[in-house]
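Peer 1: Got a structure here, written out as structure tokens. Questions coming.
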Amino acid sequence: GIGRGVARALLADGYQVALAGRRERALQETVGESDAAREHALVLPTDVTEHDQVHDLFAATRERWGRVDLLVNNAGLFGAPAGVADVELAQWRAVVDTNLTGCFLCAQEAFRIMQVQKPQGGRIINNGSISAHVPRPHAIAYTATKHAVTGLTKTLALEGRAFTIACGQIDIGNAATELSHGISQGALQPDGST
């Protein structure tokens, strides 16, 4: 819901927006039927945990528009709620790969482009979480990755200064989105299925 809202707001303001996510249908729904929005949108199904797919995402964006000025790192996975003793390694890895490694891979590709483009620079916004400050029970993988995203954000901001690349983080709590309304109505199961 947050990524969809950001993409729609940028498109409504006339920005050129590359939309990335695992489900092409959801990306197409985000763009909608507006000819103006479709003209300024590039839909690129991407799994941010896959290095080659992330590289291709940024290469296609650069090929289409010649530069990258803004990255909103929003991909995230909460994982199945479980106590520390019950978290399965596969579940841990899925959350870490999506929330942390995916964020790093996208930031790295954006950084590489931003530091050499003319004019140089850009902005990276990472979606953190209040869970990095106030952990929730039964969410160890999610909480750990959001702490790590804070470290990633600080390092990107520090190293980006020399290249006019600014990096910040938004620590969102529970957000009222289309998805969260579905959860509150029981449309999603604890394993994320509908």
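The values are calculated or read from the model by the stated rules, or taken from the named source; none is laboratory data. The model shown is predicted, which means the values in this text are computed figures rather than measured ones. Positions of Cβ are generated from backbone atoms using ideal geometry, with glycine treated the same way; all protein chains shown enter the neighbour counts. With ligands, DNA and RNA removed, areas are computed over all heavy atoms of the protein, side chains included. Shrake-Rupley method; radii C 1.70, N 1.55, O 1.52, S 1.80 Å.
Peer 1: Considering the stretch 116-134 alone, what residues qualify as being open to solvent by 30 Å² or more (accessible area, probe 1.4 Å), among the hydrophobic types (A, V, I, L, M, F, W, C) and at pLDDT 95 or above?
Peer 2: The answer is 116, 125.
Peer 1: Would you call residue 29 within 26 Å of residue 142 (Cα to Cα) and over 13 Å from the mean Cα position of the chain (by Cα)? It would help to see each step written out before you state the result.
Peer 2: Details: within 26 Å of residue 142 (Cα to Cα): no; over 13 Å from the mean Cα position of the chain (by Cα): yes.
So residue 29 does not fit the description; no.
Peer 1: Let me ask you something else. Can you name the number of the only condition in (1) under 28 Å from residue 24 (Cβ atoms); (2) without any contact (Cβ under 8 Å) to a residue 24 or more places away in the chain that residue 69 fails?
Peer 2: (2)
Peer 1: With the requirement that a residue be in contact (Cβ under 8 Å) with a residue 24 or more places away in the chain, over 20 Å from residue 176 (Cα atoms), in a helix (DSSP H, G or I) and open to solvent by less than 70 Å² (accessible area, probe 1.4 Å), what does the stretch 1-30 give you?
Peer 2: Within the stretch 1-30, just 11 meets the criteria.
Peer 1: Would it be correct to say that residue 83 is out of contact with any strand residue (DSSP E or B) (no Cβ under 6 Å at 6 or more places or on another chain), under 24 Å from residue 128 (Cα atoms), at pLDDT below 95 and open to solvent by less than 60 Å² (accessible area, probe 1.4 Å)?
Peer 2: Details: out of contact with any strand residue (DSSP E or B) (no Cβ under 6 Å at 6 or more places or on another chain): yes; under 24 Å from residue 128 (Cα atoms): yes; at pLDDT below 95: no; open to solvent by less than 60 Å² (accessible area, probe 1.4 Å): yes.
No, not satisfied.
Peer 1: Moving on to the next point. Which of the residues that make up the stretch 37-63 are part of a helix (DSSP H, G or I), in contact (Cβ under 8 Å) with a residue 24 or more places away in the chain and open to solvent by 50 Å² or more (accessible area, probe 1.4 Å)?
Peer 2: Keep residues of the stretch 37-63 that are part of a helix (DSSP H, G or I), which gives 37-39, 51-63.
Okay, now just the ones that are also in contact (Cβ under 8 Å) with a residue 24 or more places away in the chain, so 37, 51, 54-55, 57-58, 60-62.
Those that are part of a helix (DSSP H, G or I), in contact (Cβ under 8 Å) with a residue 24 or more places away in the chain and open to solvent by 50 Å² or more (accessible area, probe 1.4 Å): 51, 55, 62.
Peer 1: Check whether at least one residue in the stretch 132-146 is over 25 Å from residue 7 (Cα atoms), among the hydroxyl-bearing types (Ser, Thr, Tyr) and either more than 18 Å from the chain's Cα centre (by Cα) or not in a loop (DSSP other than H, G, I, E, B) (or both), and report yes or no.
Peer 2: Yes, the conditions are met somewhere in the stretch 132-146.
Peer 1: Looking at this structure, is residue 44 touching a Gly at 6+ places or on another chain (Cβ under 8 Å) and either hydrophobic (A, V, I, L, M, F, W, C) or under 15 Å from residue 73 (Cα atoms) (or both)? Steps first, answer last, please.
Peer 2: Working: touching a Gly at 6+ places or on another chain (Cβ under 8 Å): no; either hydrophobic (A, V, I, L, M, F, W, C) or under 15 Å from residue 73 (Cα atoms) (or both): yes.
No.
Peer 1: Taking residue 94 and the conditions (1) part of a loop (DSSP other than H, G, I, E, B); (2) under 20 Å from the mean Cα position of the chain (by Cα), which numbered condition does it fall short on, given that it satisfies the others?
Peer 2: Residue 94 satisfies all of (1) part of a loop (DSSP other than H, G, I, E, B); (2) under 20 Å from the mean Cα position of the chain (by Cα) except (1).
Peer 1: Can you confirm whether residue 108 is among the polar types (S, T, N, Q) and farther than 21 Å from residue 23 by Cβ? Walk me through it before giving the result.
Peer 2: Working: among the polar types (S, T, N, Q): yes; farther than 21 Å from residue 23 by Cβ: yes.
Against the criterion (among the polar types (S, T, N, Q) and farther than 21 Å from residue 23 by Cβ), residue 108 qualifies.
Per-residue answers, yes or no, for (1) free of Cβ contacts under 8 Å to residues at least 24 places away in the same chain; (2) open to solvent by 30 Å² or more (accessible area, probe 1.4 Å):
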{"position": "65", "(1), (2)": "no, yes"}
{"position": "77", "(1), (2)": "no, yes"}
{"position": "97", "(1), (2)": "no, yes"}
{"position": "106", "(1), (2)": "no, no"}
{"position": "114", "(1), (2)": "no, no"}
{"position": "136", "(1), (2)": "yes, yes"}
{"position": "148", "(1), (2)": "no, yes"}
{"position": "160", "(1), (2)": "no, no"}
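Peer 1: Now for a separate question. Residue check: is residue 61 of a type in the set (Val, Ile, Thr) and at pLDDT 95 or above?
Peer 2: yes
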